[in-house]
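Comments concern the structure below.
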Amino acid sequence: MRSKTLMFLAVALIGAATAGGYATAQSTATDPTTTATDPGAGTMRPHRSRFARNAAMANDPVHAVKRNMIQLERLYLLDGRAKDVPALYQDLLSRTQNADLRSFAYARIARQQARPTNPSQVIATVKQALDENLSRVQ
């Protein structure tokens, strides 16, 4: 009997804490007196459905390029042309200055180079990507 009572109290406390936290967060998000200058303003993101996120990615040209490159990579691998995949991404590096696409290309090149177990080449590629990313940060 005592264990059932303790279990009931534990569940009730967890439920109350969760509901209280939800109510506080909800009241903060819907409070019309909250302005953009408040330190807590904007801490809650509006909920976006999976469909909305996917639709946003579908309209993003950077995401479309990544999808196309992965499709090409898969086709190259199916055709037995795995050695041509790094050249495919090198071509992407030569054609774009977009930071997101360049990081993506370096990561895919390093992944391909790691397959035949050539760690020195992988390390050189990752260091090159790191240097490029650090130069943009500074």
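Data table
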quantity	calculated
Residues of segment 96-124 classified as closer than 24 Å to residue 71 by Cβ and more than 21 Å from the chain's Cα centre (by Cα), total	5
Where a residue in segment 92-104 is closer than 10 Å to residue 133 by Cα and touching a residue at least 24 places away in the same chain (Cβ under 8 Å) and its partner, wherever it lies, is hydroxyl-bearing (Ser, Thr, Tyr) and assigned to a loop (DSSP other than H, G, I, E, B), with Cβ under 8 Å and at least six apart	102/96
Residues that are loosely packed, with under 12 Cβ neighbours inside 10 Å and within 22 Å of residue 118 (Cα to Cα), drawn from segment 79-96	80, 83
Helices (runs of 4 or more DSSP H) enclosed by segment 61-138 - at least 3 residues per element that are in contact with a strand residue (DSSP E or B) (Cβ under 6 Å, 6 or more places away or on another chain), modelled with pLDDT under 95 and among the polar types (S, T, N, Q)	none
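The values are calculated or read from the model by the stated rules, or taken from the named source; none is laboratory data. Keep in mind the model is a prediction, meaning the values are calculated, not measured. Backbone-built Cβ (ideal geometry, glycine too); neighbour counts: all protein chains shown.
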